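Everything below concerns the one structure shown next.
The values are calculated or read from the model by the stated rules, or taken from the named source; none is laboratory data. Owing to the predicted nature of the structure, the values given are computational and were not obtained by experimental measurement. Positions of Cβ are backbone-derived with ideal geometry, glycine not excepted, and every protein chain shown enters the neighbour counts. For accessibility, only protein heavy atoms count, side chains too; no ligands or nucleic acids. Shrake-Rupley method; radii C 1.70, N 1.55, O 1.52, S 1.80 Å.
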Amino acid sequence: MGEKILVVDDEKEIADLIEVYLKNDGYTVYKYYNGTDALRCIEETELDLAILDIMLPDIDGFRICQKIREKYFYPVIMLTAKVEDGDKIMGLTLGADDYITKPFNPLEVAARVKTQLRRYTRYNVGRETPAPHDELDIRGLQISRQTHKCLLNGKAVALTPIEFEILWYLCSRRGTVVSSEELFEAVWGEQYLDNNNTVMTHIARLREKMKEPARRPKYIKTIWGVGYTIE
């Protein structure tokens, strides 16, 4: 193990508790109580995952997440005391991979960290010999399971691990309609809840990166009341 994890929370007790549990699991933890020090760490340290509180005394977690996504693709988990959908959608739109609402069980945080790191490791490690159907080409959209790279009409599309997994899942099931429930449970590995906007938010982010028109997308199409499909 030994992956490097950034923990940022101005509530000392929470940050310290998360640190203890992560260190017990063998991770190296960089802990800060403000955004300024966290941003410095982000620039100076090769991290594997970040856990960010939204409400910080100087720079909020949204801004830190945004700065991370300007250069890096490692997983970001957001922490917040709020339960408003707007905050969750904002975080996911800026590139967060997961979202945990306070109060929480620290064992849950540790489990989410393991899940995200497994996905990130799979995203970054290719295989020497591609398996069948490891590369797909759909009308100029090229996606490779081996290299985890995506090209659209020859131009690279920078995707986070979550975004890649969503797009790959849809592409590999081309011609079939995938429900939000199926997509969420396949990518996140958790039970889907009816009021979960996570899939919709990530689909919107994917379309934005692919420069897809909202009303007439060429690739990811919405089948209202059913799910999503790539034809």
Per-region count, region 95-122, residues among the β-branched types (Val, Ile, Thr), in contact with a strand residue (DSSP E or B) (Cβ under 9 Å, 6 or more places away or on another chain) and under 13 Å from TYR74 (Cα atoms): 2
Is it the case that GLY61 is among the small types (Gly, Ala, Ser) and modelled with pLDDT under 85? no
Hits in region 132-147 (condition: at pLDDT below 80 and either open to solvent by 90 Å² or more (accessible area, probe 1.4 Å) or over 24 Å from the mean Cα position of the chain (by Cα) (or both)): PRO132, HIS133
Going through region 183-226 one residue at a time, which ones are open to solvent by 20 Å² or more (accessible area, probe 1.4 Å), in contact with a strand residue (DSSP E or B) (Cβ under 7 Å, 6 or more places away or on another chain) and in a helix (DSSP H, G or I)? ARG207
Could you grab me the full set of residues in region 172-182 that are of a type outside the set (A, V, I, L, M) and either open to solvent by 60 Å² or more (accessible area, probe 1.4 Å) or more than 22 Å from GLN116 (Cβ to Cβ) (or both)? ARG173, ARG174, GLY175, THR176, SER179, GLU181, GLU182
Output the residues belonging to region 161-182 that are closer than 18 Å to ASP134 by Cα and part of a loop (DSSP other than H, G, I, E, B). ARG173, ARG174, GLY175
Go through region 28-61 and give me each residue that's touching a Gly at 6+ places or on another chain (Cβ under 7 Å) and crowded, with 19+ Cβ neighbours inside 10 Å. LEU52, ASP53, ILE54, LEU56
Which members of region 148-171 meet the condition of being of a type outside the set (Val, Ile, Thr) and open to solvent by less than 10 Å² (accessible area, probe 1.4 Å)? CYS150, LEU159, PRO161, GLU163, PHE164, LEU167, LEU170, CYS171
Being part of a loop (DSSP other than H, G, I, E, B), in contact (Cβ under 8 Å) with a residue 60 or more places away in the chain and more than 20 Å from LYS209 (Cβ to Cβ), is that true of even one residue in region 60-71? no
Condition first: within 19 Å of VAL109 (Cβ to Cβ), β-branched (Val, Ile, Thr) and open to solvent by 30 Å² or more (accessible area, probe 1.4 Å). Can you find one or more residues in region 2-24 that meet it? yes
Only residues in region 128-147 that are over 17 Å from LEU206 (Cβ atoms) count as the first member; pair them with residues that are modelled with pLDDT of 85 or more and of a type outside the set (Val, Ile, Thr), Cβ under 6 angstrom, at least 6 apart or cross-chain, and list the lot. GLU135/SER144
